[in-house]
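The values are calculated or read from the model by the stated rules, or taken from the named source; none is laboratory data. It should be emphasised that the depicted structure is a prediction, and the values quoted were computed from it without experimental measurement. So basically every Cβ, Gly included, is an ideal-geometry build from the backbone, and we count neighbours across all protein chains shown.
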Amino acid sequence: MGWGDFGMIHVHLYGKLRRFAVERDARSDSIASVPWRAGDTVGAIVGRIGIPREELGSNIFLNGRYATLESPVADGDRLGLFPDDMQLLYKWYFDPQRLQEPEK
């Protein structure tokens, strides 16, 4: 299997997880491009990057939606990972039902 057989997952890293990206400056995006293989999950990608599970928080986003380590990923997906010491109110602020325009 050569490199042409792999797709890529773009992993946006935040907080102390930035150290796993090439660009670590907080003023820039810290993105790790990780090879994807058919059947991969978020957990497989996290493991391939080398992030210790105890440092990973519960705020995992796959293409802008909450995900779990068991969530399947596909070529070209965008994954956002936040550390255990950064908690978000994402669900409350960005709940899709709250963002819909009121019906007229």
- Task: Can you give me the number of residues within region 59-94 that are closer than 18 Å to residue 31 by Cα and modelled with pLDDT under 85?
- Result: 1
- Looking at region 12-41, which of its residues are of a type in the set (Val, Ile, Thr), surrounded by 14 or more Cβ atoms within 10 Å (Cβ to Cβ) and more than 13 Å from residue 82 (Cα to Cα)? 34, 41
